[in-house]
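The structure appears right after this line, and notes come after that.
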There are 2 protein chains.
Amino acid sequence: MIEEALRKRAKLVDEAIPKFLPITPPDELYQAMRHLLDAGGKRLRPSALLLAAEAVGGKPENMLPAALAVEFVHNFTLIHDDIMDEADLRRGLPTVHKKWGVPRAIIAGDALYSKAFEILSCTKSEPAQIVESIELLSKTCTDICEGQWMDMDFQTRKDVKEEEYMRMVEKKTAVLFAAAVKIGAILSGGNRDVSRALWNFGIKTGVGFQIYDDVIDLITPEEILGKAQGGDIIEGKRTLIVIHALSRGVTIEALGKYNATRSEVAAALTVLKESGSIDYAMTKAIGFIEEGKSMLKALPETEAKNILIGLADYMIARKY
Amino acid sequence: MIEEALRKRAKLVDEAIPKFLPITPPDELYQAMRHLLDAGGKRLRPSALLLAAEAVGGKPENMLPAALAVEFVHNFTLIHDDIMDEADLRRGLPTVHKKWGVPRAIIAGDALYSKAFEILSCTKSEPAQIVESIELLSKTCTDICEGQWMDMDFQTRKDVKEEEYMRMVEKKTAVLFAAAVKIGAILSGGNRDVSRALWNFGIKTGVGFQIYDDVIDLITPEEILGKAQGGDIIEGKRTLIVIHALSRGVTIEALGKYNATRSEVAAALTVLKESGSIDYAMTKAIGFIEEGKSMLKALPETEAKNILIGLADYMIARKY
């Protein structure tokens, strides 16, 4: 039932994409902007925004531009991240820079970024609510950049602490979930307590989501993942799993080894299973999701609230 | 007197930069964001915004965040453009990607982008005026991306027409000047006629500015220009000068030749002088500047209006 409810929201988002981001000249720019958007995706962030709006009594049909704004920001970060990570595959397709080259991928990401603010500024809400939402979304984008920068700094360090990872992940991933639900509340006239509760829900579940995402990156085969398995290991990313293992003196041969073979990645997976690092991360992820769900006590009992709880559970139940 | 007045506005902008964009953790990210901003620059766009606000009776001291937003957008495009053009020098300094590498330069540009919207959303004006300004700035950023994309498309074409160049330059360069002055008017409560006149002033002078900029790129030595002379020729850019020459059957050996020597660039300069292409572009630039200035008739007589006229003249009188 929860899955059906989530699918329904994702479908609304899917259908809104060509409407709010039609292919106009220069056509190929818009095709590049739509490349990952059209490849699907779980639409968790925009769905969360729609549900938060519903949970505070708003009209989800008025929230589609804001929901898309958040999805555009997410997709813009994917395009630019893939350039930085030199990734070839995303959602089972060649990445934007693989298809159009780095310069055009930079532009496509930049244009998606501005489109996010453009459609958010056209939302049918009070101007003061729109300004507050734009301020929040722009601060969130700055946070994402800071988180991304920290993530890169960590890759060349051996002594990254768990607290540092948590701070990085909060910025890189969790704030956009938190902004999504808070913007849904702001634009629907939700009060401060409810907005704050939703923000905290987004932060906690967003951190849980990222920790679980790091697990998925490691344990899921390419056919299901839509990108290379163990990419984080090869890039030398300091995930919670890696931090846990390194702090226990475990040696991960493939870590940061750009030419690591499939069997070397498989060996890393075995080592990280044996050290208990994957279990450690999974337990942490579950803890954050539970903490996030508990924040929703501040919200009135609605169907939307129950679906948000289901969304949180789905974050660590998904297979890719 | 005009120069003194422009210097005064530029100084206000210079002083506001560290206040609105302090170096905070992760410090190096903010240093990368500040790299080009701190290297100076003429501050023509933010100064134009301040002057437009004054010209409609606004308080320039309240307009500094908006002025900086426009300067941040300009600098973010420089950072990303330099990556795309593989440029080594800007304002006499190594470009951001030369100093920090491509991935971090992408992030620094992205963060400057979001900071622009962040500070614009914090302006002390009516929420409806802020929303209108943000809508305009975001549409402008989309236009810039479209213009940049068109510019890249043109580089591989031999038959680019003057009208196509004009459309590209309007998007790539002129809209940001137009947005700057219009935002100054919107946030200061200027009426529609005045806002429209200022927009047209920005478009016309912005096109003139870019045509002249292409001339400068060609005729100014590196010591004064702060970057390699004739960079546009080497990159194969279809500037108005090149379009004029190609349409007259002139052969430009160095065009699009990445390893062109200084003497080959000098030879291109000679050829383009002889074909009358540089004079043609200069005449066009002057025409656009005059047309732009004539738009200001719609504005009441103020000191700020006279300085805006002086700013337009300066656009094609500057040496770099």
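Values in this text are rule-based calculations from the coordinates and carry no lab data. These numbers were taken from a predicted model, which means no experiment stands behind them. Backbone-built Cβ (ideal geometry, glycine too); neighbour counts: all protein chains shown.
On average, how many beta carbons from a partner chain sit within 10 Å of the beta carbon of a residue in A:116-126?
5
List every residue whose amide H lies under 5 Å from the amide H of B:G236, counting only residues 5 or more places away in sequence or on a different chain, with H placed 1.01 Å from N in the peptide plane.
B:G256, B:K257
Pick from B:T95, B:T24, B:T205: which is most flexible by mean-square fluctuation in a GNM of chain B where alpha carbon atoms under 10 Å apart are linked?
Residue with maximal mean-square fluctuation among B:T95, B:T24, B:T205: B:T24.
Mind checking which chain B residue has its Cβ closest to the axis relating B to A, and how many whole Å off it is?
Minimum Cβ distance to the axis, with residue: B:P127, 2.
Of A:K8/A:K319; A:K161/A:K204; A:K284/B:K115; A:K182/A:K293, which ones are farther than 22 Å apart at the Cα?
Pairs exceeding 22 Å: A:K284/B:K115.
What gaps in nm, shortest first, separate A:D159 from its twins in the other copies when you place the label 7 Å past Cα toward the beta carbon?
6.5
Take every residue in peptide B:74-81, count the Cβ atoms of other chains within 10 Å of its Cβ, and give the average of those counts.
Per residue, the number of nearby Cβ atoms from other chains is 2 on average.
Go through the stretch B:179-196 residue by residue and turn each phi into a ³J(HN,Hα) via Karplus (6.51, -1.76, 1.60, θ = phi - 60°); whole Hz please, and just put x for glycine and proline.
Once rounded to whole Hz, the list reads 5, 4, 5, 5, 5, x, 6, 4, 5, 9, x, x, 6, 4, 4, 5, 4, 5.
Got the A:E222 label distances to the other copies yet, label 7 Å along Cα→Cβ, in nm, shortest first?
A:E222 label point versus its equivalents elsewhere: 4.4 nm.
What's the center-to-center distance, using Cα atoms, between the stretch B:85-137 and the stretch B:149-201 in Å?
Comparing the Cα centres of the stretch B:85-137 and the stretch B:149-201, I get a distance of 18 Å.
Sequence-distant or interchain residues sharing an amide H contact under 5 Å with A:L89, placed H: which?
Close amide H contacts, sequence-distant or interchain: A:T95, A:A228.
Hey, how many Å between the Cα centroid of the stretch B:293-320 and the Cα centroid of the stretch A:243-320?
59 Å
Over all distinct Cα pairs, what is the inverse of the mean 1/r for the protein assembly as shown, reported as the Kirkwood hydrodynamic radius in Å?
For the protein assembly as shown, the Kirkwood estimate is 25.8 Å.
In peptide B:147-158, how many Cβ atoms from other protein chains are near each Cβ within 10 Å, on average?
The shielding value for this peptide is 3.
Rounded, prolate or oblate: which fits the stretch B:2-315 when a ≥ b ≥ c are the square roots of the eigenvalues of the alpha-carbon gyration tensor, with rounded for a/c under 1.5 and prolate only if a/b beats b/c?
oblate
Ordered shortest first, which distances in nm separate the 7 Å Cα→C-beta label point of B:A266 from those of the other copies?
Counterpart label points of B:A266 in the remaining copies fall at 6.4 nm.
Mind checking the angle between helix A:262-274 and chain A's longest principal axis? C-alpha axes, 0 to 90 degrees, to the nearest 10.
On a 0 to 90 degree scale, this one is about 80.
Project the alpha carbons of the stretch B:41-120 onto their principal axes and report the range along each, largest first, in whole Å.
44, 25, 15
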